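The values are calculated or read from the model by the stated rules, or taken from the named source; none is laboratory data. Since the structure is predicted, the reported quantities are computational estimates derived from the model, not experimental observations. For neighbour counting, all protein chains shown are included, and Cβ atoms are generated from backbone atoms with ideal geometry for every residue, glycine included.
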Amino acid sequence: MFILLGIVSLCFIIIFFQLVNVQLLRGEEFARKSRQNMENNIPIPAARGELYDRNFDPNKKNVVIVSNRPSFNITTVPASFRDNVKMEETVRLVCKLLKISGDDVLNDIKGRNPWERVVIKEDVPFDAIVSIATHQDKFPFIDWEDSSVRVYNHANMFAHVVGYIGVISKEEYAQLKHQGYRQYQRVGKSGIESQYDRVLRGRDGYIRRIVDVRNRVEGEEVGLEPQAGNNLVLTIDYGIQQAAYEAMENYMGAALVIKAATGEVLAMVSRPDFDPNTIIARNNLGIIQQLLNDPNKPFVNRAIQSRFPPASTFKIITAIAALEEERWNPVTTLFCGGTFTLRGFVDTVFFDYRAHGSLNLYWAIARSCSVYFYQLGLRIGPTVIFSYATHFGFDQRTGIDLPGEITGFVPSKRWKLRVFGQSWYDGDTVNLSIGQGFISVTPIEMANVIAGIVNNGIVYTPHMVREVRSPDNRTVIQTFPPRRQREVPISPSTLSIIREGMRLAVTSGTCSQLASLPVPIAGKTGTAQTRSNRYEEASQHGWFIGYAPYDGPPDRTVIVVVFVEYGRGGAAAAVPVAYRIFSKMVQLGYF
């Protein structure tokens, strides 16, 4: 009896202390858990910040480049179901209602954390929400949430500038989950959307729904208000962007317009392009694969992600190298008979597009005389040319605030020996002096060359964002002042010679089409030879680099760079594009 009473007493003592533990010591914790059993927290994705052009004014109607529209998403948490069979059955039923593939959704769920919320379908019509809400017994643990759909208001025109958003991949989520990202969220995949994703994405909220034991909604309240992302005012001018985009309509290539004294990008166009609105859906794999397989590579931003021989635009670098090393007098004349013969064990003939006769450095730049620069390059040697190509940053990124920028390439004697097992020959120097051979550049690097010439050697980092504003646009959170990237060692006398030669190219040389505009322009064309047989009638690329006004201060000067793939030549394709861009800027009052 004593043993029995002892056991019973011990049991009562344990029960007493457990009641104290459950109701007093941990009462608040268990109360919270019990509430969770009758509550369902549904996230409210925050609206991403909007993007405006540079002329934004909070008191006026503005050009909205990227905005949002309200919509609904259908989501679920797989771990909410009692087993996988019930989960698959319910998911297939809701997919049938939404007219989407149940297999695709279930494949997306597999391998994920079952407690992570999964988006079944985005941008669901309101009728579908009503059907699910009124038949919750058929759709247990299927939730709907307010959301927003990204709208790229000008479609292809800004595709490479703003980029697009998409669902977080498994690889991205593994890196971003520790930074507050959730699996159901969207992130920027390219362009401004990717570069400034943290600024644009905001903070998600949630709705607290009260449910019964059958998961039927009995009421709801806002648990946390979502906080929209900050808005961005870009440096892009819509009018100039539109003019450049339309001018490049029938071409592949890139067009850039940059303010010399600040590095602000007024326009950036790359063709061919794509419509971001068509690839932001969850089931976009087919569309993206089609774009990736396109031989014209519409995803590539040719302004910062393609490199080509600079052709005759590089003659400016050769001229600067010769003048700065005090190895050449600009008034010295050389004769051009249309060809140049390099003597050697086997003589090699290099051609020009015409015979120019005797001319000095000014006219050699203006008329883009290759024979003149063949001889000039041989006289100063390749090492000096390599040095000034490096000074201008042809082997470095410009640092523009867009992802994916690549660098150009500056060869060297050591590089050629290592890669080809050959010494550097005079023929290599002849090619290098006119921007052919091994040298390659990106269009934005050529814009920096002009910036250095305009700014007396100073080059500013190109950038795409002017300021960050609060979601209501009332407060300026951050501005982006000019940031000096490098200072190229060039004397004022050298700069004056180069500028004068580029001005002659417009008044009496290869850019003469631009002379009719009511603003003085300086420029240089280039025709890059290729080994491609892609277009028999147009196997060469066309370049134009220039600025206006020629006689204006740097803070009023605008740089224009145009590159046209397979455009026959700079004067034939690139200059007409530049003409339309400059004309638009005249119309907008930039000069």
When residues of the range 382-423 are filtered for being more than 16 Å from Glu325 (Cα to Cα), among the aromatic types (Phe, Trp, Tyr) and outside any helix (DSSP H, G or I), how many remain? 2
Options Val77, Val64: the member that is out of contact with any Lys or Arg (no Cβ under 7 Å at 6 or more places or on another chain) and of a type in the set (A, V, I, L, M): Val64
Within the range 109-124, track down each residue that is more than 17 Å from Pro45 (Cα to Cα) and touching a residue at least 12 places away in the same chain (Cβ under 8 Å). Ile109, Gly111, Arg112, Asn113, Pro114, Trp115
Which residue, of Gly542, Gly546, is assigned to a strand (DSSP E or B), at pLDDT 95 or above, surrounded by 17 or more Cβ atoms within 10 Å (Cβ to Cβ) and of a type outside the set (D, E, K, R)? Gly546
Can you find a residue that is surrounded by fewer than 18 Cβ atoms within 10 Å (Cβ to Cβ) and under 19 Å from the mean Cα position of the chain (by Cα) anywhere in the range 255-274? no
Among the numbered criteria (1) more than 26 Å from Asn329 (Cβ to Cβ); (2) at pLDDT 95 or above; (3) of a type in the set (Gly, Ala, Ser), which single criterion is violated by Ser532? (2)
State whether one or more residues within the range 437-456 are of a type in the set (Phe, Trp, Tyr), more than 30 Å from Thr339 (Cβ to Cβ) and in contact with an Asp or Glu (Cβ under 8 Å, 6 or more places away or on another chain). no
Does the range 65-98 hold any residues that are within 30 Å of Gly188 (Cβ to Cβ), touching a Phe, Trp or Tyr at 6+ places or on another chain (Cβ under 6 Å) and among the aliphatic types (A, V, I, L, M), and which are they? Ile65, Val66, Ile74, Ala79, Val94
Residue under evaluation Arg379, criteria (1) under 28 Å from Gly509 (Cα atoms); (2) not in a helix (DSSP H, G or I), criterion not met: (2)
Name the residues in the range 229-264 that are under 29 Å from Asn456 (Cβ atoms) and touching a Leu at 6+ places or on another chain (Cβ under 7 Å), would you? Leu234, Thr235, Ile236, Asp237, Ile240, Val257, Ile258, Lys259
The range 424-536: strands (runs of 3 or more DSSP E) wholly inside it with 3 or more residues that are buried (at least 17 other Cβ atoms within 10 Å of the Cβ) are 458-460, 465-469, 522-528
Taking into account only those residues within the range 252-305 that are hydroxyl-bearing (Ser, Thr, Tyr) and modelled with pLDDT of 95 or more, which is farthest from Ile165 (Cα to Cα)? Thr262
With at pLDDT 95 or above and touching a Gly at 6+ places or on another chain (Cβ under 7 Å) as the only criterion, which of Thr398, Thr442 stands out? Thr442
Positions within the range 465-479 being hydrophobic (A, V, I, L, M, F, W, C) and touching a residue at least 40 places away in the same chain (Cβ under 8 Å), in sequence order: Val465, Val468, Ile477
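Criterion first (under 15 Å from Ile434 (Cα atoms), modelled with pLDDT under 95, touching a helix residue (DSSP H, G or I) at 6+ places or on another chain (Cβ under 6 Å) and not in a loop (DSSP other than H, G, I, E, B)) does Phe373 satisfy it? Steps first, please.
Numbers: under 15 Å from Ile434 (Cα atoms): yes; modelled with pLDDT under 95: no; touching a helix residue (DSSP H, G or I) at 6+ places or on another chain (Cβ under 6 Å): yes; not in a loop (DSSP other than H, G, I, E, B): yes.
In short, no.
Run down Ser491, Ser423, Ser412, Ser440 and say which single residue is within 31 Å of the chain's Cα centre (by Cα), among the hydroxyl-bearing types (Ser, Thr, Tyr) and more than 30 Å from Ala159 (Cα to Cα).
Ser412 is the lone residue from the list that is within 31 Å of the chain's Cα centre (by Cα), among the hydroxyl-bearing types (Ser, Thr, Tyr) and more than 30 Å from Ala159 (Cα to Cα).
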Can you find, within the range 555-568, the residue that is farthest from the chain's Cα centre (by Cα) among those that are within 17 Å of Ile450 (Cβ to Cβ) and buried (at least 16 other Cβ atoms within 10 Å of the Cβ)? Thr557
Anything in the range 285-321 that is among the polar types (S, T, N, Q) and buried (at least 16 other Cβ atoms within 10 Å of the Cβ)? List them, or say none. Asn301, Gln305, Ser306, Ser312, Thr313, Thr318
Condition broken by Thr341, with the remaining ones in (1) touching a Cys at 6+ places or on another chain (Cβ under 6 Å); (2) surrounded by fewer than 22 Cβ atoms within 10 Å (Cβ to Cβ) satisfied: (1)
Kindly indicate which of Thr318, Thr313 is of a type in the set (Ser, Thr, Tyr) and out of contact with any strand residue (DSSP E or B) (no Cβ under 6 Å at 6 or more places or on another chain). Thr318
Working only within the range 392-410, note down all residues that are under 19 Å from Leu432 (Cβ atoms) and buried (at least 21 other Cβ atoms within 10 Å of the Cβ). Phe392, Gly393, Phe394, Gly408, Val410
